[in-house]
Ligand SMILES: C[S@@+](CC[C@H](N)C(=O)[O-])C[C@H]1O[C@@H](n2cnc3c(N)ncnc32)[C@H](O)[C@@H]1O
């Protein structure tokens, strides 16, 4: 049994210590594999002209960030695991990206002009301004497998922030674990009430896709007392995915 540092301030959430080990164990390979085709299909259908500014929250070692930057987008990726960001840099370099320093912030430039600005920090700090990051406006904001590590109040705060940072006509792609009949038994994760995240999107947003699926998974899990299982354990995840498009601004009336 091993102990890992837990993130303070939330419920019993998995902290960067857990994730650093996870990405170090991947030993130079992409820990999450390729971007999900279903997600890319949704994005391409919604934005056939492509996306310029992209924000990937809890983006891990960058399967989505690298995909979009390799196709010419400018991506900000935020992840609190330093090992994830290190792996992202190495995997980007394998795709021909080179690192530069822009005002003390690393930037990865891809051969076709795409780029990634990686931020090794908590997503709450990224939006709070406490780290001096200037948040811009994005065409696409992705959050894949992040919200279950935040409390419901943190999710509310974060969704408000990312809605504000979305350009009119831009989109949010959210994937989160929800409570089901068979709730994930990973105490470090905090599955949310199904529908509670979609409900944060009001009239200014159009839901274009949603799926709700339950699938088994087997991996090492952390128990409530902070210990980690020695062997993988089978449990199930209920996964909700949706895309919300922000309405274009209405022309001002006379
Ligand atoms: C399940 S992984 C998903 C990775 C990536 N989004 C993907 O789909 O390939 C969750 C990621 O969220 C990151 N994470 C968890 N809590 C975070 C927080 N509060 N701020 C920033 N990143 C966080 C972890 O370090 C991890 O890389």
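Read the figures in this text as sums done on the coordinates, not as results from a lab. Since the model is a prediction, treat every value here as computed from it, not as a measurement. Glycine gets a Cβ as well: all are built from the backbone with ideal geometry, and neighbour counts include every protein chain shown.
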Give the peptides 46-58, 119-131 in descending order of average Cβ contacts within 10 Å, highest first. 46-58, 119-131
Which shape class applies to segment 49-149: rounded if a/c is under 1.5, otherwise prolate when a/b exceeds b/c and oblate if not, where a ≥ b ≥ c are the square roots of the Cα gyration tensor eigenvalues? rounded
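For segment 84-204, just say rounded, prolate or oblate: build the C-alpha gyration tensor, square-root its eigenvalues into a ≥ b ≥ c, call rounded for a/c under 1.5, and beyond that prolate if a/b exceeds b/c, oblate if not. Walk me through the numbers before you get to the answer.
Working: a/c = 2.03, a/b = 1.58, b/c = 1.29.
Taking the square roots of the gyration eigenvalues as a ≥ b ≥ c, segment 84-204 is prolate.
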From Cα pairs below 8 angstrom and at least 6 apart in sequence, can you work out the relative contact order of segment 67-160, rounded to a whole percent? 30
Relative contact order (percent) for segment 17-246, with alpha-carbon contacts under 8 angstrom and 6 or more residues of separation? 16
How much length is gained on full extension from residue 229 to residue 151, taking 0.36 nm per residue of separation minus their Cα-Cα distance? 25.7 nm
With label points set 7 Å from each Cα along the Cα-to-Cβ direction at residue 179 and residue 29, the distance between them in nm comes to 3.6
Which value at 222 nm does the chain reach when only helices count, each DSSP H run of 4 or more adding -39,500 (n - 2.57), with the total divided by all residues and rounded to the nearest 500 deg cm²/dmol? -7000 deg cm²/dmol
Percent antiparallel among DSSP beta bridges (both partners in the chain, rounded to 5): 60
